[in-house]
Amino acid sequence: MTETKSNQMWGGRFAAGPDAIMEAINASIGFDRRLAAQDIAGSRAHAAMLAATGILTDKDAEAIREGLLTILSEIEAGEFTFSTALEDIHMNVEARLKEIIGEPAGRLHTGRSRNDQVATDFKLWVRDQLDAADAGLTALIEALLVQAEAGADWVMPGFTHLQTAQPVTWGHHMMAYVEMFGRDLGRVRDARRRMNESPLGAAALAGTSFPINRDMTAEALGFDRPAANSLDAVSDRDFALEFLGVASISAMHLSRFAEELVIWSSAQFRFVTLSDRFSTGSSIMPQKKNPDAAELIRAKIGRIFGANVALMTVMKGLPLAYSKDMQEDKEQVFDAADNWMLALAAMEGMVRDMSANRESLAAAAGSGFSTATDLADWLVRVLGLPFREAHHVTGSLVALAESRGCDLPDLSLEDMTSVHSGITAEVFDVLGVDNSVNSRTSYGGTAPAQVRTQIARWKEILG
């Protein structure tokens, strides 16, 4: 249960405690308790550094270390009492530490401020989320590679404007998403590398007169280096904004794929069958099998986009250094992270469980005059027609087939020559969908051999 005892952490500056409304708007413990593990890790590193530099005695440092471990155990066991009167996770931990070890607890805050403390905690938390996203994206890419390898030579329609365009392979379509999520993975790793500088020791905004060793605390917390400017260190939330930016782009990719799964699993398409694990039924229509997991992924993306806009809006007008506005940085990031991780896991599960319906894919691949471009290419390559003329001839043949209610391969040679006399029976060799996809051998093309080349490349990248 949450305490509401008077706040004694501010010392003698204020004669009376805040009223209930001020306490409610000022407190962040309701959400920043999620930073408990990071807060305790930062405090342990800071205490060890204070002892190593002679600012703190070894005895006090050991008492602090043991007290912090006790608090961490209490929090993990659900036995810790969080107080809204103590505002945030930092002051809740410090107050409990004083209850456990007494006077040495007051020495822990030497050489730091809540400003650099919260920036450090938040960076550590975001870094953990980037690591989780790295694992989630890698697992999703691996699932897509399995699908791509299984259907490297399965033909299906490729679309533009959601209209049949040219035949492609199932493997090629799966590999398109591998490339998308691969870029997301690259952005995750790039963001992690850029944000891995420690704010700890920047203090309130100007650094500290104590002879602290910021390199020591940075190394202890797994940072590459200390942040180089104390003003920037406590003012910076770029790491959170970049996390939300990366999450937003990745979420957009997830939403596009989810949309395709919704379409593909419909009775009108029947391109894929989603497993019962990621589908639901209807309360009134017994024949229904709804792709709810895909639809929820598609919907949750709005929360991630919203978080990105919200934090940009919080930060856009703030002068240096810290302002209380920045307390509003965490809830959006927490919510976005939760929904991104959930969406990644759900999409990986759907990809691993879904079955592509090869027959439906093949039947659709040949519809909608999907090999018209192959015909135009043949007219250029064999008859030497300029492409624009070949395009016109092909368009006339498509119109003829459409008037006959058939597809291009169903036209007779006589029909073909009535539009252009130079066409020979050889043209029928390029009109089949299998011939079409096998001919697309340019690098990155849909030919099965190219698909398998890209699968091998990504397996090597992932190790």
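General remarks:
- Chain lengthening between SER266 and GLU460 when straightened (0.36 nm per residue, less Cα-Cα): 66.3 nm
- Accessible area in the full protein assembly, largest first, 1.4 Å probe, for GLU242, GLU219, GLU74: GLU219, GLU242, GLU74
- Between ALA165 and LYS324, the C-beta separation translates, for a Förster distance of 41 Å, into a calculated FRET efficiency of about 0.15.
- THR441 contributes an accessible area of around 90 Å² to the protein surface, as traced by a 1.4 Å probe with all chains present.
- On the basis of the beta-carbon distance and an R0 of 25 Å, LEU383 and THR441 show a calculated FRET efficiency of 0.70.
- Cα shape, the stretch 295-391, gyration tensor, a/c 1.5 rule: oblate
- Theoretical ellipticity at 222 nm over the chain - DSSP helices of four or more residues, -39500 (n - 2.57) apiece, nearest 500: -20000 deg cm²/dmol
- The figure for GLU76 is an accessible area of roughly 140 square angstrom, using a 1.4 Å probe on the protein chains alone.
- If you take all other residues with their beta carbon under 12 Å from the beta carbon of LEU408, and give Lys and Arg +1 and Asp and Glu -1, the sum is -4.
- Environment charge of VAL419, counting only residues whose C-beta is closer than 14 Å and scoring Lys/Arg +1, Asp/Glu -1: -3
- Estimated distance in nm for a label pair at GLU79 and ALA204, the labels positioned 7 Å out from Cα along Cα-to-Cβ: 3.8 nm
- For the stretch 353-463, carbon and sulfur atoms together expose 51% of the accessible surface, with a 1.4 angstrom probe and every protein chain in place.
- Only Cα pairs under 8 Å and 6+ residues apart enter the sum, and on that basis the relative contact order of the chain stands at 16 percent.
- Applying 1/(1 + (r/R0)^6) with R0 = 45 Å to the Cβ-Cβ distance of THR70 and MET252 gives a FRET efficiency near 0.50.
- For the stretch 155-306, averaging the sequence separation of C-alpha pairs within contact (under 8 Å, six or more residues apart) and dividing by the residue count gives a relative contact order of 17 percent.
- Sum of side-chain charges, GLU260 neighbourhood, beta-carbon under 14 Å (Lys, Arg +1; Asp, Glu -1): +1
- The accessible area of ILE263, taken with all protein chains in place and a 1.4 Å probe, comes to roughly 40 Å².
- In terms of distances greater than 28 angstrom between alpha carbons, the cross-link table entries LYS123/LYS300; LYS59/LYS324; LYS123/LYS459; LYS98/LYS123 yield LYS59/LYS324; LYS123/LYS459.
- Most to least accessible of GLU99, GLU389 (protein chains only, probe 1.4 Å): GLU99, GLU389
- Whether the chain is rounded, prolate or oblate, judged on the alpha carbon gyration tensor where a/c under 1.5 counts as rounded: prolate
- Nitroxide proxy distance, nm - points 7 Å out along Cα→Cβ at LEU296 and ASP232: 4.2 nm
- Potential lengthening between HIS392 and THR57 on full extension [0.36 nm per residue; Cα-Cα distance subtracted]: 111.9 nm
- In the stretch 152-206, the portion of solvent-accessible area held by carbon and sulfur atoms comes to 53 percent [1.4 Å probe, whole percent, DNA, RNA and ligands not counted].
- Other-chain or far-sequence residues with amide H under 5 Å of SER83's (modelled H): GLU3
The values are calculated or read from the model by the stated rules, or taken from the named source; none is laboratory data. Small disclaimer: the values here were computed from a predicted structure and weren't measured. Counting neighbours? That spans all protein chains shown, and the Cβs are built from the backbone with ideal geometry, glycine included. Accessible surface is based on the protein model in full, side chains and every heavy atom, while ligands, DNA and RNA are left aside. Shrake-Rupley method; radii C 1.70, N 1.55, O 1.52, S 1.80 Å.
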